[in-house]
Amino acid sequence: MSEARRNGLTYADAGVDIDAGAAMVEAIKPYVRDTRRPGADAELGGFGGLFDLKAAGFKDPILVAANDGVGTKVKIAIESGLHDTIGIDLVAMCVNDLVVQGAEPLFFLDYYATGKLDPAAGAAVVKGVALGCKEAGCALIGGETAEMPGLYARGDYDLAGFAVGAVERDGVLPRKDVGEGDVILGLPSSGVHSNGYSLVRRIVSDAGLEWSTPSPFAAGQSLAQALLTPTRIYVRSVLAAQRKTGALKALAHITGGGFWENIPRVLPADKAARIDLNKVSVPPVFAWLSRMGGVTEHEMLRAFNCGVGMIIVVAAADAAAVAEALREAGESPVELGHMVERGDGAAVQVTGRLAIG
């Protein structure tokens, strides 16, 4: 008989602590319960999460699903030990992709994978997930925690999120009537959000800075705190504006690929978005990144949101009413440009310059 068999190996000997996982589940239950909404009781413990569309008030719904992660932004959370906001990012990246189709987020599930489970860090992450769900109005109805020694280094973890929403059949976006002269509104971002962090981390590394260094662009914060500012969740404000006006034609969530890749995804093949970059209010972080990394304006617009987290297209006659509804919902919309015939030009055409110099 082998030495291993004589010693009676356990799962814990192999690096997986079931008791730690159970402790984490108990720790996060209050956060999960706090995300209850009509259609879901937001309790953990079953093999699957249930949602009642009828209880949520839908009559002829189309389901919309999205999944995403937070990219290498998670490395900053890990290396700085600041785990309490990265879960908000996870929710935001998913639910913002739902609302651009006109959908109300209904429920969310998370996946947390690590080499060695730290219940306190894991609970902090999931608390952030629950906060994001509350902000988006969706229930956290389940998730998975996976401890995988040998696959992740000790202390490392990764996240994935899965969101499902619904929209009445006649409310699906984008609409087919996006046309020449339609106005393009932009909603401000909170900063870098959750894209471009491989470039961010390279710039920080090349500059020889530590995460504990005072932020050169955000007074009173460390560099890590400033760069971990969570992604804005646009769900409540966008849905409020649509319910009040019914005038939103198309929306684009500005994520990886920036202006160049995301805006064309919601435009007709014969139309282009003409945007005046002088109208973009650029947060200081982007000027710092451009200067420190020598990043060109074109590359900034491809890697980052540069201060615009969501684009909204509306008819010119409805622009004032939509902007007012957005302001009532707490937004600060900016008129960035208008739709034009594309012809042989690009789907996104810019004038002016970003204020990053």
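Summary of computed values
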{"quantity": "The chain: radius of gyration over Cα atoms, expressed as a fraction of 2.2 N^0.38 Å", "calculated": "1.07"}
{"quantity": "Tilt relative to the chain, helix 319-328 - C-alpha long axis, 0 to 90 degrees, to 10", "calculated": "40 degrees"}
{"quantity": "Virtual spin-label span in nm between residue 156 and residue 320, 7 Å along Cα→Cβ", "calculated": "5.6 nm"}
{"quantity": "Protection-proxy order for peptides 303-315, 251-263, each taking the mean of Cβ atoms within 10 Å per residue, highest first", "calculated": "303-315, 251-263"}
{"quantity": "The chain - charge dipole about Cα centre, Lys and Arg +1 at Cβ, Asp and Glu -1, debye rounded to 20", "calculated": "300 debye"}
{"quantity": "Sum of -39500 (n - 2.57) over DSSP H runs of 4+, divided by residues of the chain (222 nm, nearest 500)", "calculated": "-10000 deg cm²/dmol"}
{"quantity": "Mean separation of Cα contacts under 8 Å (6+ apart) over length of the chain, as relative contact order %", "calculated": "21 percent"}
{"quantity": "DSSP-defined antiparallel bridges as percent of all bridges, the chain, nearest 5", "calculated": "75 percent"}
{"quantity": "Calculated on alpha-carbon atoms, Rg and Dmax of region 149-201 in Å", "calculated": "19.5, 56"}
{"quantity": "Rounded to 10°, Cα long-axis angle of helix 235-245 versus longest principal axis of the chain", "calculated": "30 degrees"}
{"quantity": "Dimensionless Rg over Rh [region 241-314; C-alpha; Kirkwood]", "calculated": "1.02"}
{"quantity": "Region 289-314-region 177-197 distance, computed between alpha-carbon centres (Å)", "calculated": "11 Å"}
{"quantity": "Pairs beyond 31 Å (Cα-Cα), from 75/134; 249/279; 59/244; 59/134; 54/249", "calculated": "none"}
{"quantity": "Folded to 0 to 90 degrees: helix 284-293 orientation relative to the chain principal axis, Cα", "calculated": "80 degrees"}
{"quantity": "Region 213-357, relative contact order [Cα under 8 Å, separation at least 6], %", "calculated": "37 percent"}
{"quantity": "Charge-dipole axis of region 131-176 as Lys and Arg at +1 and Asp and Glu at -1 on Cβ define it, positive-most pick from 131, 148, 171", "calculated": "171"}
{"quantity": "Residue (of 326, 224, 76) at the positive-pole extreme of the chain, dipole from beta-carbon charges", "calculated": "326"}
{"quantity": "Length released on extending from residue 67 to residue 291, taking residue separation times 0.36 nm less the Cα-Cα span", "calculated": "77.3 nm"}
{"quantity": "Residue 206/residue 335 FRET efficiency (R0 35 Å; Cβ-Cβ; nearest 0.05)", "calculated": "0.40"}
{"quantity": "Bridge type composition, region 47-163 - antiparallel percent by DSSP, nearest 5", "calculated": "55 percent"}
{"quantity": "Given charges at Cβ of Lys, Arg, Asp, Glu: region 237-349 dipole, positive-most of 287, 242, 343", "calculated": "242"}
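We did not get these values from a lab; they are worked out from the coordinates using the rules stated. All of these numbers come straight from a predicted model, not from anything done at the bench. No Cβ is skipped: glycine too gets one built from the backbone with ideal geometry, and neighbour counts run over all protein chains shown.
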